[in-house]
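Q: Handing you this structure, nothing more for now.
The values are calculated or read from the model by the stated rules, or taken from the named source; none is laboratory data. Note that the structure is predicted; figures quoted are calculated from it, not measured. So basically every Cβ, Gly included, is an ideal-geometry build from the backbone, and we count neighbours across all protein chains shown.
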Amino acid sequence: MENGARDGIFQRLHSMRGIPCSFVPIECKNYSTEIANPELDQISGRLSPVRGKVGIICYRTFDDRALFIEGAGTLSEMIGSEKYMLQA
């Protein structure tokens, strides 16, 4: 989704925090099982300083929220850049 916002959260992320949000990839996973690193890696691959560093991933469920958040953080560290994923 191309971000043409003149106000709102994506505009504020850019103007107040310096986080580029030109394009915001949105992925919806309709899996009956928990998503894992391959799915996080997929959306992370769509993020860059030019396209934007914020993405949204929607999924049904997870078994251990803390473990999932830890895995997402580890993935970002492995990539070695600032990327932000909103989990819903």
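Q: Just checking, how many residues over the range 1-39 are part of a loop (DSSP other than H, G, I, E, B) and free of Cβ contacts under 8 Å to residues at least 60 places away in the same chain? Lay out the reasoning, then the answer.
A: Step one: of the range 1-39, the residues part of a loop (DSSP other than H, G, I, E, B) are 1, 3-8, 18-22, 24-25, 30-36.
Now drop any that are not free of Cβ contacts under 8 Å to residues at least 60 places away in the same chain, which leaves 1, 3-8, 18, 20-22, 24-25, 30-36.
The number of residues fulfilling the criteria is 20.
Q: For residue 54, are the conditions met, namely being under 19 Å from residue 4 (Cβ atoms) and more than 14 Å from the chain's Cα centre (by Cα)?
A: On the way: under 19 Å from residue 4 (Cβ atoms): yes; more than 14 Å from the chain's Cα centre (by Cα): no.
Taking the combined requirement at face value, the residue does not satisfy it.
Q: Quick check on the range 1-42: of everything there that is in contact with a Leu (Cβ under 6 Å, 6 or more places away or on another chain) and farther than 14 Å from residue 57 by Cα, which residue is surrounded by the most Cβ atoms within 10 Å (Cβ to Cβ)?
A: Only one residue fits best here, namely 21.
Q: Checking the structure you have, find out if any residue of the range 59-70 is at pLDDT 75 or above, closer than 23 Å to residue 15 by Cα and not in a helix (DSSP H, G or I).
A: No; the residues of the range 59-70 include none that is at pLDDT 75 or above, closer than 23 Å to residue 15 by Cα and not in a helix (DSSP H, G or I).
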